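As structure tokens, the structure follows; a few thoughts come after it.
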Amino acid sequence: MFDPVEKLKEFIRHPSVSTDPKFKDGMRGAQAFVTELLGGMGFKVEAIPTPIHPIIWAQRGGDPSWPHVIIYGHYDVQPADPLNLWQTPAFEPTIRGNRLYGRGAADNKGPLLANIAAVASLLEKNPKIPLRLTFLIEGEEEMGSPSFHAFLEKHRDRFRGADFVFLSDTALPTEQQVVITCGLRGLALFDVIVIGPKGDLHSGLHGGVLRNPIQALTEICATLHTPDGRVNVPGFYDEVRDVEPWERAELKKLGADEAAYAKFLGIEAFYTPPGFSPSEAIRFQPTLEFNGIGGGYQGEGTKTVIPSRAFAKISCRLVPNQEPGKIKELVIAAIRARAPTDVKLEFADQHHGDPYIVVPPGRPNTPPNQSPILARAFRATDAAVTEIWGRPPVYLREGGSVPIIADIKRMTGLDSVMFGLFLPEDNLHAPNESFNLDVMRKGSATIEKILAAVAAG
């Protein structure tokens, strides 16, 4: 059995930034690291080519009657910029207290290592355990998994006979409370570009005779929400799935401290849709956000220019029953209807992903045909978490998105058990990302018990 913390350090040292070609060696190094680690555990490992970064498919076979679990993760990470805000170099892992700092420590190298370590311990104790296992580890999650849909189309047969997907790429509210994620928001992303004159203009010579594209853009953006925080787009909420009473009951178990949450965010007040608390809004409601806006001079000092164009980057987080393509069409139609006639519009489509929801066994709306092994996995997870963490898990939807989970469900029929292992203070996608090593150890022990129980029946 290897030392998971030392292996995590080794993993982080590979700067596997999928979005930047300058990091191709880091991507290759991370892929080779995972391949060698799983191969050393007796798995048959393949690197399946994609147009960008390979997908690792590692199998431990066995009797077809055994349960078959697919464990998902990703070996790519976000860019580390801005580098000057890191206390220690992003790709030189450092332990301070009970935390390991480094880019990818929490998203997703630490949680993935917790899963791999759990499997290694399980197989070391019982090499003949009646359980088929497959690791599915991609290298493009942080860029929207552009190759994953084609992979599923081409390799759908590989999933035949599997029972469920298990992953640890979701969140915990605190290090004492485990959440089993039952839903993920979808995504619809695009850019809007407002175009005015044929080139930038001197604001003294030409100001006052034409509409500034920045003014036009900001006026359009201001119409996309009502003063109370709802998205102001006709039809936007038409398909939103109702919140079930059991979901609200589960959420109450968290005992959310709104004052502490506001302090953590560094805000003076919340701005949520009417009728929803902050904890409810991030799980049960869709959003429309401006992720970036620009136009004109961006440097120091001044440059009195009327820009020829301005842009905004827009993302919508979607809840179950909302369809990304339809929502994108509705928002674009609203923008076109509200744009002044003296500017032109262009739209640049970005990636998207469907929302996902799975209902644990025993709930009023559990599907009658739910897989018995999936139900067994949920019960095993509940028991293992209660034993190791000292309290049962809470079953909640999450505000984030893992679009491939909905893709897997739609194209293979497989549901997922999402056992979160990262915390709000882990600083995902930000400088000084870290992973709580106590959470890693408890998480790995929990996963080992879950898999053992699934095998035992």
Quarter of the Cα convex hull surface for the stretch 8-85, i.e. its orientation-mean projected area (nm²): 6.6
Return the percentage of antiparallel bridges among DSSP beta bridges fully within the chain, rounded to the nearest 5 %. 70
Identify the GluC sites (Glu not before Pro) of the stretch 1-81 meeting these criteria: DSSP loop state and at most 10 other C-beta atoms within 10 Å of the C-beta. none
Using the Cα centre of the stretch 331-457 as origin and beta-carbon charges of +1 (Lys, Arg) and -1 (Asp, Glu), tell me which of Trp389, Met418, Pro372 is placed farthest towards the positive end of the dipole. Pro372
Helical mean residue ellipticity (222 nm; -39500 (n - 2.57) per DSSP H run of 4+; nearest 500) of the chain: -10000 deg cm²/dmol
Reported to the nearest 10 Å², Tyr356 has, with a 1.4 Å probe, an accessible area equal to 10
Using a 1.4 Å probe over the heavy atoms of the protein chains, calculate the carbon and sulfur portion of the accessible area of the chain as a whole percent. 52
Using a 1.4 angstrom probe on the protein heavy atoms only, could you order Thr386, Thr134 from most to least accessible area? Thr386, Thr134
Can you tell me which lysines have their Cα less than 21 Å from the Cα of Lys198? Leave out same-chain residues fewer than eight positions away. Lys303, Lys344
Once amide H atoms are built 1.01 Å from N in the peptide plane, which residues 5 or more positions from Thr19, or in another chain, come under 5 Å H to H? none
Once you place label points 7 Å from the Cα toward the Cβ at Ile95 and Asp3, how far apart are they in nm? 0.7
Extension reserve of the Lys128-Ala249 stretch, reckoned as 0.36 nm per residue once the Cα distance is removed: 39.4 nm
Rounded accessible area of Cys221 (nearest 10 Å², 1.4 Å probe): 20
Taking the Cβ of Ile71 as the centre, find all other residues whose Cβ is under 13 Å away and add up their charges (Lys, Arg: +1; Asp, Glu: -1). -2
Can you give me the distance in nm between label points at Leu85 and Asn369, each placed 7 Å from the Cα along the Cα-to-Cβ direction? 4.8
What do you get for Rg/Rh over the stretch 184-302 if you use C-alpha atoms and the Kirkwood form of Rh? 1.10
Straight-distance crosslink candidates among lysines, where the alpha carbon sits under 28 Å from Lys154 and sequence neighbours closer than 8 are dropped: Lys24, Lys44, Lys109, Lys326, Lys328, Lys409
Can you compute the radius of gyration and Dmax for the stretch 61-143, using only the Cα atoms, both in Å? 16.7, 54
Could you state the orientation-averaged shadow area of the convex hull built on the Cα atoms of the stretch 65-200, in nm² to one decimal? 14.4
Divide, for the stretch 122-175, the radius of gyration over alpha carbons by 2.2 N^0.38 Å, where N is the residue count. 1.51
Positive-end extreme of charge dipole, the chain - chosen from Phe347, Ala262, Tyr72 (charges on Cβ): Tyr72
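Going by accessible area, probe 1.4 Å, with all protein chains left in place, what is the ranking of Phe347, Phe290, largest first?
Correct descending sequence by accessible area is Phe290, Phe347.
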So for the pair Phe264, Asp25, with labels modelled 7 Å out along Cα→Cβ, what separation do we get in nm? 3.9
Relative contact order (percent) for the chain, with alpha-carbon contacts under 8 angstrom and 6 or more residues of separation? 26
Given a 1.4 angstrom probe, what's the average accessible area per residue across the stretch 151-307, in square angstrom? 52
Which ³J(HN,Hα) values, rounded to whole Hz and listed in residue order, are derived for the stretch 251-260 from phi using the Karplus coefficients 6.51, -1.76 and 1.60 in 6.51 cos²θ - 1.76 cosθ + 1.60 with θ = phi - 60°, glycine and proline given as x? 5, 5, 5, 5, x, 4, 9, 5, 5, 5
So if I place +1 on the C-beta of Lys and Arg and -1 on the C-beta of Asp and Glu, and nothing else carries charge, what would the dipole magnitude of the stretch 38-130 be about its Cα centre? I want it in debye, nearest 20. 280
FRET efficiency for Gln350 and His202 from the Cβ-Cβ distance with R0 = 35 Å, rounded to 0.05, comes out at 0.55
Let me test this: with uniform point scatterers at the alpha carbons of the chain, what is the Debye-based log₁₀ I(q)/I(0) at q = 0.07, 0.08 1/Å? -0.39, -0.51
Rg and Dmax of the stretch 43-95, using alpha carbons, in Å: what are they? 17.7, 54
Let me spell out the model: positive unit charges on the Cβ of Lys and Arg, negative unit charges on the Cβ of Asp and Glu, origin at the Cα centre of the stretch 155-195. What dipole size does that give, in debye rounded to 20? 200
Expressed in square angstrom to the nearest 10, the accessible area of Ser401 with a 1.4 Å probe stands at 30
Give me a comma-separated list of calculated 3J(HN,Hα) values for the stretch 50-65, in order, Karplus coefficients 6.51, -1.76, 1.60 applied at θ = phi - 60°, integers in Hz, x for any Gly or Pro. 10, x, 10, 10, x, 9, 8, 10, 10, 10, 10, x, x, 4, x, 7
Under 5 Å between amide hydrogens, which residues at least 5 positions from Ile95 or on another chain qualify, with H placed 1.01 Å from N in the peptide plane? Tyr101
With r as the distance between the Cβ atoms of His155 and Arg391 and R0 = 51 Å, compute the FRET efficiency 1/(1 + (r/R0)^6) and round to 0.05. 0.80
Can you bin every Cα-Cα distance in the stretch 254-303 into 10 Å intervals starting at zero and give me the percent of pairs per bin, rounded to whole numbers? 19, 36, 21, 18, 6, 0
Rounded to 0.05, the calculated FRET efficiency for the beta carbons of Ala222 and Ala32 at R₀ = 56 Å is 0.65
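The values are calculated or read from the model by the stated rules, or taken from the named source; none is laboratory data. As the structure is a prediction and not an experimental result, all values here were calculated from the model. Every residue, glycine as well, gets a Cβ built from its backbone with ideal geometry; the counts of neighbours run over all protein chains shown. For accessibility, only protein heavy atoms count, side chains too; no ligands or nucleic acids. Shrake-Rupley method; radii C 1.70, N 1.55, O 1.52, S 1.80 Å.
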